[in-house]
Amino acid sequence: MKLASLKGGRDGTLVVVSKDLTRCASATSVAPTMQAALDDWANIRPALVSIASDLEAGGGDPFRQEDCASPLPRAFQWADGSAYVNHVELVRKARGAEMPATFWTDPLMYQGGSDSFIGPRDDIPVGDEAWGIDFEAEVTVVTDDVPMGISAVDAVDHIILIMLVNDVSLRGLIPGELAKGFGFFQSKPSSAFSPVAITPDELGESWNGAKVELPLLSFLNDTAFGKPEAGVDMTFDFGQLVAHAAKTRPLAAGAIIGSGTVSNKLDNGPGKPIRDGGVGYSCIAEIRTIETINDGKPSTSFMNFGDRVRIEMNDKNGRSVFGTIDQVITKYEGAS
């Protein structure tokens, strides 16, 4: 089943979307918003499945991805992990920092701002190009209510939906914030999620129960930038990430847990750009770290105003699964 939130009101209006992403049907008779559906998922899911079945039989309204808000325009929780430790290792190596052994056994995770997500086709407003504008292509899951202290094995049963995300980062602001020892805040502006959220069964064999086993595609100014396999080199699966987030507190229905930047190794070493026969990268920072390691300094610049980023994932038949995140960086002119 595929679900989306059309723009309208603070939390959007819930629709069920056809498998081919061309049509949709209102679900407001069942639940007015995505959050309302998640709050009572066990009871509401059957009615949504019925709407989805009717939609596949025909009818419905045209589905336009540009009309979508984030599936959850705001959420009670947005916690982003760093499951692809290859990415972390490269970033630390580029700045001469040692890699603690615990990074391979205990996930990194930060709590992001969840009160204002950007729509999948909305511009990304940024105050200054000097802040080092970067995209990060990731996979995320959405949970129902998760008990505190749950095991990684049991946590997978609480994964209700899957989405993609552009976890926007301002790389120039990160070092100063981390130096304070209190984590990210200004360096992590509003994130943008895919037009559609899907139930895990939509992926068929491409969902192994805790990982998505498909390439995650990203494009920078219409040039292929990355196509790493989301199920490869994922040190911590989503069961482990959800359990980590719930170790000392329960998670409320609608909690979003991210994978971190999808990153693959090549021959047990750093990846290569697509043009050089590799699978590329899911953020600009990673190619800059490899350039720094190899050449002593980076040569790829971060994003500028007017630059465009697209993120999507296709099934094994080449069909879009989640729709496309498609955004342009714009100059933020200040509050009016």
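The values are calculated or read from the model by the stated rules, or taken from the named source; none is laboratory data. As the structure is a prediction and not an experimental result, all values here were calculated from the model. Cβ coordinates were reconstructed from backbone atoms using ideal geometry, including for glycine residues, and neighbour counts include every protein chain displayed. Ligands, DNA and RNA are stripped out before the accessible areas are found, and what is left, the full protein with its side chains, is counted by its heavy atoms. Shrake-Rupley method; radii C 1.70, N 1.55, O 1.52, S 1.80 Å.
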## Note on the structure
When the range 148-188 is checked residue by residue, the ones that are touching a helix residue (DSSP H, G or I) at 6+ places or on another chain (Cβ under 9 Å), of a type in the set (Val, Ile, Thr) and assigned to a loop (DSSP other than H, G, I, E, B) are Ile150
### Message
Ile133 - would you say it is buried (at least 23 other Cβ atoms within 10 Å of the Cβ) and modelled with pLDDT of 95 or more?
### Response
yes
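Would you confirm, using the coordinates I've provided, whether Gly323 is touching a helix residue (DSSP H, G or I) at 6+ places or on another chain (Cβ under 6 Å), under 30 Å from Ser18 (Cα atoms) and at pLDDT 95 or above?
In short, yes.
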### Query
Do you know which residues across the range 164-198 are open to solvent by 10 Å² or more (accessible area, probe 1.4 Å), small (Gly, Ala, Ser) and within 12 Å of Ile118 (Cβ to Cβ)?
Ser190
### Query
Considering only the range 306-336, how many residues are within 20 Å of Glu129 (Cβ to Cβ), part of a loop (DSSP other than H, G, I, E, B) and open to solvent by less than 70 Å² (accessible area, probe 1.4 Å)?
3
### Task
From the list Ala230, Ala253, Ala243, pick out the single residue that is among the hydrophobic types (A, V, I, L, M, F, W, C) and open to solvent by 10 Å² or more (accessible area, probe 1.4 Å).
Ala243
### Query
Could you list, in sequence order, the residues of the range 257-279 that are assigned to a strand (DSSP E or B) and closer than 16 Å to Phe236 by Cβ?
Ile257, Gly258
### Query
Just checking, which of Phe103, Phe117, Phe63 is over 23 Å from Glu286 (Cα atoms) and more than 14 Å from the chain's Cα centre (by Cα)?
Phe63
